[in-house]
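J.: What follows is a structure written as C-alpha coordinates; I'll ask about it next.
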Amino acid sequence: MNTSDLPGHPFIAYQDGQLCVEGVRLADLAREHSTPLFVYSQASMLAALAAYQKGFAGRKAQICYAMKANSSLSILQLFAQAGCGFDIVSGGELERVLAAGGSPSKIIFSGVGKTRTEMRHALEVGIQCFNVESEEELDVLSAVAASMGKVAPVSIRVNPNVDPKTHPYISTGLKGNKFGVAHERTVPVYQHAASLPGLKVVGIDCHIGSQITTIAPYLDAMDRVLDLVAAIEAQGIPIEHIDFGGGLGIHYEDTQPPKADDLWQQLLSKLDTRGYGQRHLMIEPGRSLVGNAGVCITEVLYLKPSEQKNFCIVDAAMNDLPRPAMYQAFHGIVPVQAQATGTEGAALTYEVVGPVCESGDWLGHDRDLNVKSGDLLAVLSAGAYCMSMASNYNTRGRSAEVMVDGSQAKLIRERETAADQMLREKLI
Ligand code: LLP
(Lines give C-alpha, C1' and ligand atoms only; values in the text may rest on other atoms or scores of the structure.)
Protein backbone atom coordinates (compact mmCIF):
# COMPACT_ATOMS: atom_id res chain seq x y z
CA MET A 1 0.00 0.00 0.00
CA ASN A 2 1.15 3.57 -0.60
CA THR A 3 2.66 5.81 1.94
CA SER A 4 1.00 9.10 1.23
CA ASP A 5 2.90 12.35 0.77
CA LEU A 6 -0.34 14.19 1.42
CA PRO A 7 -0.93 14.48 5.16
CA GLY A 8 -4.22 12.98 6.28
CA HIS A 9 -4.80 11.26 2.93
CA PRO A 10 -3.80 7.67 3.18
CA PHE A 11 -4.20 5.94 -0.21
CA ILE A 12 -3.68 9.18 -2.19
CA ALA A 13 -0.05 9.73 -3.16
CA TYR A 14 2.38 10.68 -5.92
CA GLN A 15 3.86 7.73 -7.75
CA ASP A 16 6.52 8.57 -10.36
CA GLY A 17 5.42 12.19 -10.26
CA GLN A 18 1.75 11.37 -10.91
CA LEU A 19 -0.94 11.77 -8.29
CA CYS A 20 -2.72 8.45 -7.77
CA VAL A 21 -5.68 7.21 -5.79
CA GLU A 22 -4.53 3.76 -4.70
CA GLY A 23 -2.99 2.32 -7.89
CA VAL A 24 -4.79 4.52 -10.42
CA ARG A 25 -3.42 7.71 -11.98
CA LEU A 26 -5.77 10.65 -11.73
CA ALA A 27 -4.57 12.01 -15.08
CA ASP A 28 -5.76 8.80 -16.77
CA LEU A 29 -9.17 9.08 -15.11
CA ALA A 30 -9.49 12.72 -16.15
CA ARG A 31 -8.66 11.79 -19.75
CA GLU A 32 -11.25 9.01 -19.74
CA HIS A 33 -14.10 10.75 -17.91
CA SER A 34 -13.25 14.45 -18.28
CA THR A 35 -13.41 16.98 -15.44
CA PRO A 36 -14.52 18.00 -12.85
CA LEU A 37 -14.40 14.45 -11.55
CA PHE A 38 -14.71 13.05 -8.05
CA VAL A 39 -12.48 10.06 -7.34
CA TYR A 40 -12.71 7.97 -4.17
CA SER A 41 -10.52 5.34 -2.59
CA GLN A 42 -12.48 2.31 -1.44
CA ALA A 43 -9.61 1.15 0.79
CA SER A 44 -9.52 4.52 2.52
CA MET A 45 -13.25 4.36 3.34
CA LEU A 46 -12.98 0.82 4.64
CA ALA A 47 -9.90 1.68 6.71
CA ALA A 48 -11.73 4.62 8.28
CA LEU A 49 -14.66 2.36 9.11
CA ALA A 50 -12.31 -0.29 10.51
CA ALA A 51 -10.89 2.29 12.93
CA TYR A 52 -14.36 2.77 14.44
CA GLN A 53 -15.01 -0.99 14.41
CA LYS A 54 -11.70 -1.59 16.17
CA GLY A 55 -12.51 1.05 18.77
CA PHE A 56 -15.78 -0.74 19.52
CA ALA A 57 -14.38 -4.28 19.53
CA GLY A 58 -15.92 -6.45 22.26
CA ARG A 59 -18.84 -4.07 22.85
CA LYS A 60 -22.46 -4.12 21.81
CA ALA A 61 -22.16 -1.33 19.31
CA GLN A 62 -23.44 -0.11 15.98
CA ILE A 63 -21.97 2.31 13.49
CA CYS A 64 -24.60 4.19 11.49
CA TYR A 65 -22.99 6.00 8.55
CA ALA A 66 -24.37 9.57 8.42
CA MET A 67 -25.03 9.37 4.71
CA LYS A 68 -25.58 13.09 4.27
CA ALA A 69 -21.77 13.24 4.02
CA ASN A 70 -21.86 11.35 0.73
CA SER A 71 -24.96 9.50 -0.35
CA SER A 72 -23.77 8.02 -3.65
CA LEU A 73 -25.27 4.56 -4.03
CA SER A 74 -22.00 2.66 -4.38
CA ILE A 75 -20.69 4.18 -1.19
CA LEU A 76 -23.84 3.18 0.66
CA GLN A 77 -23.53 -0.31 -0.81
CA LEU A 78 -19.90 -0.54 0.31
CA PHE A 79 -20.78 0.43 3.88
CA ALA A 80 -23.89 -1.79 3.97
CA GLN A 81 -21.77 -4.76 2.91
CA ALA A 82 -19.23 -3.89 5.59
CA GLY A 83 -21.96 -4.17 8.25
CA CYS A 84 -22.87 -0.50 8.73
CA GLY A 85 -26.23 0.89 9.61
CA PHE A 86 -27.28 4.33 8.36
CA ASP A 87 -28.26 7.65 9.87
CA ILE A 88 -30.79 9.25 7.53
CA VAL A 89 -32.43 12.68 7.55
CA SER A 90 -35.05 12.44 4.80
CA GLY A 91 -37.35 10.13 2.91
CA GLY A 92 -35.01 10.50 -0.04
CA GLU A 93 -32.10 9.17 2.00
CA LEU A 94 -34.29 6.25 3.11
CA GLU A 95 -34.96 5.38 -0.56
CA ARG A 96 -31.25 5.53 -1.28
CA VAL A 97 -30.33 3.14 1.55
CA LEU A 98 -32.97 0.66 0.40
CA ALA A 99 -31.80 0.96 -3.22
CA ALA A 100 -28.23 0.26 -2.11
CA GLY A 101 -29.27 -2.90 -0.24
CA GLY A 102 -29.04 -1.48 3.30
CA SER A 103 -31.13 -3.13 5.98
CA PRO A 104 -34.09 -1.08 7.32
CA SER A 105 -33.52 -2.61 10.75
CA LYS A 106 -30.22 -0.71 10.97
CA ILE A 107 -31.57 2.72 9.98
CA ILE A 108 -31.96 5.58 12.43
CA PHE A 109 -33.90 8.63 11.30
CA SER A 110 -32.59 12.01 12.55
CA GLY A 111 -33.68 15.54 11.70
CA VAL A 112 -35.84 18.31 13.13
CA GLY A 113 -38.50 18.31 10.41
CA LYS A 114 -39.71 14.83 9.55
CA THR A 115 -42.99 14.92 7.63
CA ARG A 116 -45.91 12.57 8.24
CA THR A 117 -45.28 10.98 4.83
CA GLU A 118 -41.65 10.32 5.75
CA MET A 119 -42.71 8.87 9.11
CA ARG A 120 -45.24 6.58 7.45
CA HIS A 121 -42.72 5.27 4.94
CA ALA A 122 -40.12 4.66 7.65
CA LEU A 123 -42.71 2.79 9.75
CA GLU A 124 -43.81 0.70 6.76
CA VAL A 125 -40.27 -0.52 6.08
CA GLY A 126 -39.55 -0.99 9.80
CA ILE A 127 -36.58 1.24 10.63
CA GLN A 128 -34.65 0.74 13.84
CA CYS A 129 -35.33 4.06 15.53
CA PHE A 130 -36.62 7.61 15.13
CA ASN A 131 -34.35 10.20 16.72
CA VAL A 132 -37.04 12.63 17.78
CA GLU A 133 -36.14 16.29 18.15
CA SER A 134 -39.19 18.01 19.71
CA GLU A 135 -42.28 17.42 21.81
CA GLU A 136 -44.58 18.20 18.91
CA GLU A 137 -42.77 15.67 16.73
CA LEU A 138 -43.41 13.03 19.41
CA ASP A 139 -47.15 13.74 19.30
CA VAL A 140 -47.25 13.55 15.51
CA LEU A 141 -45.20 10.34 15.38
CA SER A 142 -47.44 8.79 18.02
CA ALA A 143 -50.55 9.65 16.00
CA VAL A 144 -49.07 8.40 12.72
CA ALA A 145 -47.85 5.11 14.24
CA ALA A 146 -51.11 4.49 16.13
CA SER A 147 -53.14 5.13 12.96
CA MET A 148 -51.10 2.43 11.21
CA GLY A 149 -51.35 0.00 14.13
CA LYS A 150 -47.58 0.22 14.55
CA VAL A 151 -45.22 1.04 17.36
CA ALA A 152 -42.45 3.53 16.56
CA PRO A 153 -39.15 2.96 18.39
CA VAL A 154 -37.93 6.34 19.63
CA SER A 155 -34.85 7.97 21.00
CA ILE A 156 -34.92 11.62 21.99
CA ARG A 157 -32.18 13.90 20.80
CA VAL A 158 -30.89 15.89 23.71
CA ASN A 159 -29.24 19.24 23.25
CA PRO A 160 -26.49 19.01 25.87
CA ASN A 161 -25.43 22.67 25.59
CA VAL A 162 -21.78 21.81 24.94
CA ASP A 163 -19.56 23.97 22.73
CA PRO A 164 -17.85 21.77 20.10
CA LYS A 165 -15.56 24.67 19.05
CA THR A 166 -16.25 24.33 15.34
CA HIS A 167 -17.78 26.57 12.64
CA PRO A 168 -21.06 28.10 13.92
CA TYR A 169 -23.01 26.65 10.96
CA ILE A 170 -22.03 23.13 11.96
CA SER A 171 -22.38 23.48 15.76
CA THR A 172 -25.58 21.76 16.76
CA GLY A 173 -25.50 21.07 20.50
CA LEU A 174 -25.60 24.57 21.96
CA LYS A 175 -28.59 26.35 23.48
CA GLY A 176 -29.92 28.49 20.68
CA ASN A 177 -29.39 25.82 17.99
CA LYS A 178 -32.56 24.43 16.45
CA PHE A 179 -31.63 20.85 17.32
CA GLY A 180 -32.77 18.50 20.06
CA VAL A 181 -34.66 18.92 23.30
CA ALA A 182 -33.18 21.21 25.96
CA HIS A 183 -31.23 19.37 28.64
CA GLU A 184 -33.54 20.58 31.41
CA ARG A 185 -36.70 19.52 29.52
CA THR A 186 -35.44 16.03 28.78
CA VAL A 187 -36.94 14.04 31.68
CA PRO A 188 -40.48 15.43 31.28
CA VAL A 189 -40.27 14.86 27.53
CA TYR A 190 -39.30 11.22 28.12
CA GLN A 191 -42.23 10.87 30.55
CA HIS A 192 -44.51 12.29 27.88
CA ALA A 193 -43.09 9.88 25.25
CA ALA A 194 -43.60 6.91 27.57
CA SER A 195 -47.26 7.88 28.07
CA LEU A 196 -48.12 8.12 24.35
CA PRO A 197 -49.69 5.32 22.30
CA GLY A 198 -47.76 4.00 19.30
CA LEU A 199 -44.32 4.83 20.74
CA LYS A 200 -41.68 2.76 22.52
CA VAL A 201 -38.74 4.52 24.12
CA VAL A 202 -35.55 2.68 23.17
CA GLY A 203 -32.70 5.15 23.42
CA ILE A 204 -31.17 8.56 23.87
CA ASP A 205 -29.03 10.51 21.44
CA CYS A 206 -27.16 13.75 21.05
CA HIS A 207 -25.10 15.46 18.38
CA ILE A 208 -22.97 18.44 19.23
CA GLY A 209 -21.54 19.38 15.86
CA SER A 210 -19.33 18.40 12.99
CA GLN A 211 -15.61 18.77 12.16
CA ILE A 212 -14.76 18.51 15.85
CA THR A 213 -11.03 18.14 16.30
CA THR A 214 -10.74 17.48 20.04
CA ILE A 215 -12.14 14.75 22.24
CA ALA A 216 -13.05 16.95 25.23
CA PRO A 217 -16.47 18.15 23.93
CA TYR A 218 -17.52 14.52 23.34
CA LEU A 219 -16.57 13.62 26.92
CA ASP A 220 -18.49 16.62 28.30
CA ALA A 221 -21.54 15.75 26.21
CA MET A 222 -21.31 12.11 27.30
CA ASP A 223 -21.26 13.11 30.99
CA ARG A 224 -24.36 15.19 30.52
CA VAL A 225 -26.15 12.45 28.57
CA LEU A 226 -25.30 9.83 31.21
CA ASP A 227 -26.70 12.12 33.94
CA LEU A 228 -29.91 12.16 31.94
CA VAL A 229 -29.95 8.38 31.45
CA ALA A 230 -29.82 8.00 35.25
CA ALA A 231 -32.60 10.55 35.75
CA ILE A 232 -34.84 9.00 33.03
CA GLU A 233 -34.36 5.46 34.31
CA ALA A 234 -35.16 6.65 37.84
CA GLN A 235 -38.61 7.42 36.40
CA GLY A 236 -38.98 3.77 35.36
CA ILE A 237 -38.21 4.35 31.65
CA PRO A 238 -35.43 2.01 30.48
CA ILE A 239 -32.89 3.30 27.94
CA GLU A 240 -31.56 0.47 25.79
CA HIS A 241 -29.13 2.36 23.62
CA ILE A 242 -26.96 5.44 23.87
CA ASP A 243 -26.11 7.24 20.61
CA PHE A 244 -23.28 9.77 20.61
CA GLY A 245 -24.03 11.44 17.29
CA GLY A 246 -21.47 12.25 14.62
CA GLY A 247 -17.86 11.23 14.27
CA LEU A 248 -14.57 13.04 14.42
CA GLY A 249 -13.25 15.84 12.25
CA ILE A 250 -10.79 15.18 9.44
CA HIS A 251 -7.61 16.66 8.03
CA TYR A 252 -8.20 19.77 5.90
CA GLU A 253 -5.26 22.08 6.54
CA ASP A 254 -3.12 21.80 9.63
CA THR A 255 -5.80 20.26 11.85
CA GLN A 256 -4.70 16.93 13.26
CA PRO A 257 -7.92 15.34 14.51
CA PRO A 258 -7.71 12.55 17.07
CA LYS A 259 -8.05 9.00 15.78
CA ALA A 260 -11.36 7.16 16.04
CA ASP A 261 -9.90 4.46 18.26
CA ASP A 262 -8.54 7.14 20.67
CA LEU A 263 -11.99 8.72 20.83
CA TRP A 264 -13.53 5.38 21.69
CA GLN A 265 -10.93 4.41 24.22
CA GLN A 266 -11.66 7.57 26.20
CA LEU A 267 -15.41 7.45 25.77
CA LEU A 268 -15.57 3.77 26.69
CA SER A 269 -13.45 4.18 29.78
CA LYS A 270 -15.78 6.95 30.93
CA LEU A 271 -18.79 4.75 30.22
CA ASP A 272 -17.20 1.88 32.16
CA THR A 273 -16.38 4.13 35.09
CA ARG A 274 -19.95 5.31 35.24
CA GLY A 275 -21.36 1.76 34.89
CA TYR A 276 -22.82 2.06 31.38
CA GLY A 277 -20.16 0.11 29.47
CA GLN A 278 -22.48 -2.76 28.62
CA ARG A 279 -25.20 -0.65 27.01
CA HIS A 280 -25.89 -0.86 23.30
CA LEU A 281 -23.81 2.00 21.87
CA MET A 282 -24.25 3.84 18.62
CA ILE A 283 -22.35 6.48 16.67
CA GLU A 284 -23.24 8.27 13.44
CA PRO A 285 -19.97 9.23 11.71
CA GLY A 286 -20.18 10.82 8.29
CA ARG A 287 -17.23 13.03 7.34
CA SER A 288 -14.53 10.86 8.96
CA LEU A 289 -15.57 7.78 6.94
CA VAL A 290 -15.39 9.41 3.52
CA GLY A 291 -13.84 12.90 3.66
CA ASN A 292 -10.17 12.11 3.18
CA ALA A 293 -10.97 9.25 0.80
CA GLY A 294 -11.94 11.57 -2.04
CA VAL A 295 -10.51 14.20 -4.37
CA CYS A 296 -12.05 16.33 -7.08
CA ILE A 297 -9.95 16.65 -10.23
CA THR A 298 -10.33 19.92 -12.07
CA GLU A 299 -8.68 21.39 -15.17
CA VAL A 300 -7.13 24.84 -15.31
CA LEU A 301 -9.09 26.76 -17.95
CA TYR A 302 -7.44 30.17 -17.87
CA LEU A 303 -4.86 32.14 -15.95
CA LYS A 304 -5.75 35.76 -15.45
CA PRO A 305 -3.08 37.86 -13.81
CA SER A 306 -4.13 41.25 -12.53
CA GLU A 307 -2.62 44.11 -10.58
CA GLN A 308 -4.15 43.00 -7.31
CA LYS A 309 -4.63 39.29 -7.71
CA ASN A 310 -3.79 36.44 -10.02
CA PHE A 311 -6.78 34.27 -10.85
CA CYS A 312 -6.54 30.62 -11.72
CA ILE A 313 -9.87 29.77 -13.31
CA VAL A 314 -10.68 26.07 -13.13
CA ASP A 315 -13.60 24.00 -14.41
CA ALA A 316 -14.89 23.01 -10.93
CA ALA A 317 -16.97 25.55 -9.07
CA MET A 318 -19.02 26.29 -5.99
CA ASN A 319 -21.80 24.08 -7.33
CA ASP A 320 -19.39 21.09 -7.18
CA LEU A 321 -17.45 22.11 -4.07
CA PRO A 322 -19.72 24.35 -2.00
CA ARG A 323 -17.79 24.24 1.29
CA PRO A 324 -15.40 27.17 0.67
CA ALA A 325 -18.28 29.48 -0.33
CA MET A 326 -20.55 28.28 2.48
CA TYR A 327 -18.18 27.92 5.42
CA GLN A 328 -14.99 29.63 4.22
CA ALA A 329 -13.63 26.09 4.37
CA PHE A 330 -10.07 25.21 3.37
CA HIS A 331 -9.42 22.38 0.93
CA GLY A 332 -5.88 21.54 -0.16
CA ILE A 333 -5.29 22.05 -3.91
CA VAL A 334 -2.35 20.21 -5.45
CA PRO A 335 -1.10 19.49 -8.97
CA VAL A 336 -2.02 16.12 -10.46
CA GLN A 337 1.37 16.03 -12.13
CA ALA A 338 4.12 16.79 -9.61
CA GLN A 339 6.28 19.75 -10.64
CA ALA A 340 9.54 18.86 -12.34
CA THR A 341 12.51 19.83 -10.18
CA GLY A 342 13.90 23.20 -11.11
CA THR A 343 10.55 24.73 -12.07
CA GLU A 344 9.53 25.78 -8.53
CA GLY A 345 10.54 29.37 -9.19
CA ALA A 346 7.71 29.82 -11.66
CA ALA A 347 5.01 29.44 -8.98
CA LEU A 348 2.66 32.39 -8.46
CA THR A 349 0.10 33.07 -5.78
CA TYR A 350 -3.40 32.52 -7.13
CA GLU A 351 -7.03 32.84 -6.20
CA VAL A 352 -8.39 29.52 -7.44
CA VAL A 353 -11.89 30.22 -8.70
CA GLY A 354 -14.61 28.51 -10.71
CA PRO A 355 -16.70 29.61 -13.70
CA VAL A 356 -19.87 30.43 -11.71
CA CYS A 357 -20.99 34.04 -11.96
CA GLU A 358 -20.46 35.03 -8.33
CA SER A 359 -17.46 36.47 -6.55
CA GLY A 360 -18.22 33.91 -3.81
CA ASP A 361 -17.28 31.17 -6.25
CA TRP A 362 -13.80 30.44 -4.99
CA LEU A 363 -12.10 27.16 -4.11
CA GLY A 364 -8.90 28.45 -2.54
CA HIS A 365 -7.34 31.79 -1.58
CA ASP A 366 -3.64 32.62 -1.91
CA ARG A 367 -2.46 29.31 -3.29
CA ASP A 368 1.09 29.01 -4.60
CA LEU A 369 0.86 27.11 -7.86
CA ASN A 370 3.03 26.60 -10.88
CA VAL A 371 0.36 26.05 -13.52
CA LYS A 372 -0.69 26.76 -17.08
CA SER A 373 -4.02 26.25 -18.80
CA GLY A 374 -4.78 22.61 -19.45
CA ASP A 375 -3.05 21.45 -16.25
CA LEU A 376 -4.97 19.31 -13.80
CA LEU A 377 -5.36 20.09 -10.11
CA ALA A 378 -6.76 17.90 -7.34
CA VAL A 379 -8.94 19.42 -4.64
CA LEU A 380 -8.32 17.34 -1.52
CA SER A 381 -10.57 16.12 1.30
CA ALA A 382 -13.45 16.18 -1.16
CA GLY A 383 -15.13 12.89 -0.18
CA ALA A 384 -17.52 14.43 2.37
CA TYR A 385 -20.14 17.14 1.97
CA CYS A 386 -19.13 17.96 -1.59
CA MET A 387 -20.98 15.72 -4.04
CA SER A 388 -23.88 15.37 -1.61
CA MET A 389 -24.19 19.17 -1.45
CA ALA A 390 -23.54 19.77 -5.15
CA SER A 391 -26.12 21.78 -7.05
CA ASN A 392 -27.03 22.65 -10.61
CA TYR A 393 -26.48 26.38 -10.18
CA ASN A 394 -25.70 28.02 -13.53
CA THR A 395 -27.21 24.85 -15.08
CA ARG A 396 -23.96 23.06 -14.49
CA GLY A 397 -24.34 19.31 -14.54
CA ARG A 398 -23.17 17.50 -11.43
CA SER A 399 -19.82 15.75 -11.85
CA ALA A 400 -19.16 12.14 -12.55
CA GLU A 401 -17.75 9.96 -9.76
CA VAL A 402 -15.25 7.11 -9.86
CA MET A 403 -14.50 4.54 -7.17
CA VAL A 404 -11.00 3.09 -7.11
CA ASP A 405 -10.24 -0.33 -5.66
CA GLY A 406 -6.53 -1.15 -5.97
CA SER A 407 -5.73 -0.85 -9.66
CA GLN A 408 -9.38 -0.96 -10.73
CA ALA A 409 -11.47 2.15 -11.33
CA LYS A 410 -15.25 2.05 -11.72
CA LEU A 411 -17.52 4.85 -12.88
CA ILE A 412 -20.15 4.99 -10.12
CA ARG A 413 -22.04 8.03 -11.37
CA GLU A 414 -22.23 9.41 -14.88
CA ARG A 415 -21.86 13.11 -15.48
CA GLU A 416 -25.22 14.86 -15.45
CA THR A 417 -26.28 16.37 -18.78
CA ALA A 418 -28.36 19.47 -19.46
CA ALA A 419 -31.09 17.11 -20.71
CA ASP A 420 -31.04 15.30 -17.32
CA GLN A 421 -31.53 18.62 -15.63
CA MET A 422 -34.49 19.59 -17.81
CA LEU A 423 -36.18 16.19 -17.61
CA ARG A 424 -38.93 17.15 -15.18
CA GLU A 425 -39.59 20.62 -16.57
CA LYS A 426 -42.37 21.70 -18.91
CA LEU A 427 -42.81 24.64 -21.26
CA ILE A 428 -45.95 26.68 -20.66
N1 LLP B 1 -25.59 12.83 13.01
C2 LLP B 1 -26.30 13.96 12.92
C3 LLP B 1 -27.60 14.04 13.59
C4 LLP B 1 -25.82 15.04 12.15
O5 LLP B 1 -26.54 16.16 12.07
C6 LLP B 1 -24.56 14.93 11.51
C7 LLP B 1 -24.03 16.04 10.71
C8 LLP B 1 -23.86 13.72 11.64
C9 LLP B 1 -24.40 12.70 12.40
C10 LLP B 1 -22.54 13.48 10.98
O11 LLP B 1 -21.53 14.29 11.50
P12 LLP B 1 -20.01 14.09 11.01
O13 LLP B 1 -19.56 12.73 11.47
O14 LLP B 1 -20.02 14.17 9.53
O15 LLP B 1 -19.27 15.19 11.64
N16 LLP B 1 -22.09 20.39 5.48
C17 LLP B 1 -21.25 20.61 6.63
C18 LLP B 1 -21.41 19.55 7.69
C19 LLP B 1 -22.82 19.46 8.25
C20 LLP B 1 -22.97 18.37 9.28
C21 LLP B 1 -24.37 18.26 9.72
N22 LLP B 1 -24.65 17.16 10.58
C23 LLP B 1 -19.78 20.69 6.14
O24 LLP B 1 -19.54 20.56 4.95
O25 LLP B 1 -18.88 20.91 6.93
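J.: Looking only at residues in the stretch 285-322 that are more than 16 Å from the ligand (Cβ to nearest atom) and among the basic types (Lys, Arg), which one is farthest from ALA61 (Cα to Cα)?
T.: LYS304
J.: Kindly check whether there is at least one residue in the stretch 201-208 that is surrounded by 15 or more Cβ atoms within 10 Å (Cβ to Cβ), out of contact with any Asp or Glu (no Cβ under 9 Å at 6 or more places or on another chain) and touching a residue at least 24 places away in the same chain (Cβ under 8 Å).
T.: no
J.: Say we look at the stretch 209-242 and pick out the residues that are on the phi > 0 side of the Ramachandran plot and out of contact with any strand residue (DSSP E or B) (no Cβ under 8 Å at 6 or more places or on another chain); which of these is surrounded by the most Cβ atoms within 10 Å (Cβ to Cβ)?
T.: In this case the residue turns out to be GLN211.
J.: Further question: Output the number of residues of the stretch 237-284 satisfying the condition of being part of a loop (DSSP other than H, G, I, E, B) and either within 14 Å of the ligand (Cβ to nearest atom) or in contact (Cβ under 8 Å) with a residue 12 or more places away in the chain (or both).
T.: Number of matching residues: 25.
J.: Test of understanding: among VAL379, VAL404, which residue is out of contact with any helix residue (DSSP H, G or I) (no Cβ under 9 Å at 6 or more places or on another chain) and surrounded by 13 or more Cβ atoms within 10 Å (Cβ to Cβ)? Let's see the steps before the verdict.
T.: Numbers: VAL404 fails: out of contact with any helix residue (DSSP H, G or I) (no Cβ under 9 Å at 6 or more places or on another chain).
After ruling out the rest, the residue left standing is VAL379.
J.: Of all residues in the stretch 375-419, which are free of Cβ contacts under 8 Å to residues at least 24 places away in the same chain and of a type outside the set (Asp, Glu)?
T.: Scanning the stretch 375-419 gives THR417, ALA418, ALA419.
J.: Right, something else. Is there any pair with a first residue in the stretch 85-99 that is on the phi < 0 side of the Ramachandran plot and buried (at least 19 other Cβ atoms within 10 Å of the Cβ) and a second that is in a helix (DSSP H, G or I) and among the small types (Gly, Ala, Ser) whose Cβ atoms are under 9 Å apart and which are 6 or more apart or on different chains, and what are they?
T.: The qualifying pairs are GLY85/SER105; PHE86/ALA80; ILE88/ALA122; LEU94/ALA122; VAL97/ALA80.
J.: Further, regarding this structure: Does the stretch 20-36 include one or more residues that are over 22 Å from ALA316 (Cα atoms) and under 22 Å from the mean Cα position of the chain (by Cα)?
T.: The answer is yes, given that some residue of the stretch 20-36 is over 22 Å from ALA316 (Cα atoms) and under 22 Å from the mean Cα position of the chain (by Cα).
J.: Also: Scan the strands (runs of 3 or more DSSP E) fully inside the stretch 335-428 and keep the ones with 1 or more residues being modelled with pLDDT of 95 or more and closer than 22 Å to LYS304 by Cβ.
T.: Numbers: elements: 348-353, 362-369, 376-379, 400-405, 408-413.
Filter on the stretch 335-428 gives 348-353, 362-369, 376-379.
J.: Same structure again: I'd like to check something: does the stretch 232-248 contain any residue that is β-branched (Val, Ile, Thr) and either modelled with pLDDT under 90 or touching a Leu at 6+ places or on another chain (Cβ under 7 Å) (or both)?
T.: Kept after step one, since they are β-branched (Val, Ile, Thr), are these residues of the stretch 232-248: 232, 237, 239, 242.
When the remaining residues are screened for being either modelled with pLDDT under 90 or touching a Leu at 6+ places or on another chain (Cβ under 7 Å) (or both), the result is 242.
Yes, that holds for at least one residue.
J.: I've got another one for you. Show the residue pairs that are 6+ apart or on different chains and have beta-carbon atoms under 9 Å apart, the first residue being within the stretch 346-371 and without any contact (Cβ under 8 Å) to a residue 24 or more places away in the chain, the second being among the hydrophobic types (A, V, I, L, M, F, W, C).
T.: If the second residue must be among the hydrophobic types (A, V, I, L, M, F, W, C), the pairs left are ALA347/LEU369; ALA347/VAL371; SER359/VAL353; HIS365/PHE330; HIS365/VAL352; ASP368/ALA347; ASP368/LEU348.
J.: Right, here's the next one. Can you name the number of the only condition in (1) over 30 Å from ALA400 (Cβ atoms); (2) of a type in the set (Phe, Trp, Tyr); (3) surrounded by 22 or more Cβ atoms within 10 Å (Cβ to Cβ) that TYR276 fails?
T.: (3)
J.: Can I ask one more? If you take the residues in the stretch 86-112 that are assigned to a strand (DSSP E or B) and closer than 20 Å to VAL290 by Cβ, which one is nearest to the ligand (Cβ to nearest atom)?
T.: Here the answer is ASP87.
J.: Moving on to the next point. Of the residues GLY149, GLY111, which is of a type outside the set (Val, Ile, Thr), touching an Asp or Glu at 6+ places or on another chain (Cβ under 9 Å) and under 27 Å from PRO188 (Cα atoms)?
T.: GLY111
J.: Of everything in the stretch 291-307, what is at pLDDT 95 or above and in a strand (DSSP E or B)? Give them in sequence order.
T.: The answer is GLY294, VAL295, CYS296, ILE297, THR298, GLU299, VAL300, LEU301, TYR302, LEU303, LYS304.
J.: Let me ask something else about it. Which numbered condition in (1) buried (at least 24 other Cβ atoms within 10 Å of the Cβ); (2) within 13 Å of the ligand (Cβ to nearest atom) is the only one that SER71 fails?
T.: (1) is the only condition that SER71 fails.
J.: Report, by residue number, each residue of the stretch 349-377 that is charged (D, E, K, R) and closer than 12 Å to LEU321 by Cβ.
T.: ASP361
The values are calculated or read from the model by the stated rules, or taken from the named source; none is laboratory data. These numbers come from a predicted model, not from an experiment. Here the Cβ is made from the backbone with ideal geometry for all residues, glycine too, and neighbour counts use every protein chain on show.
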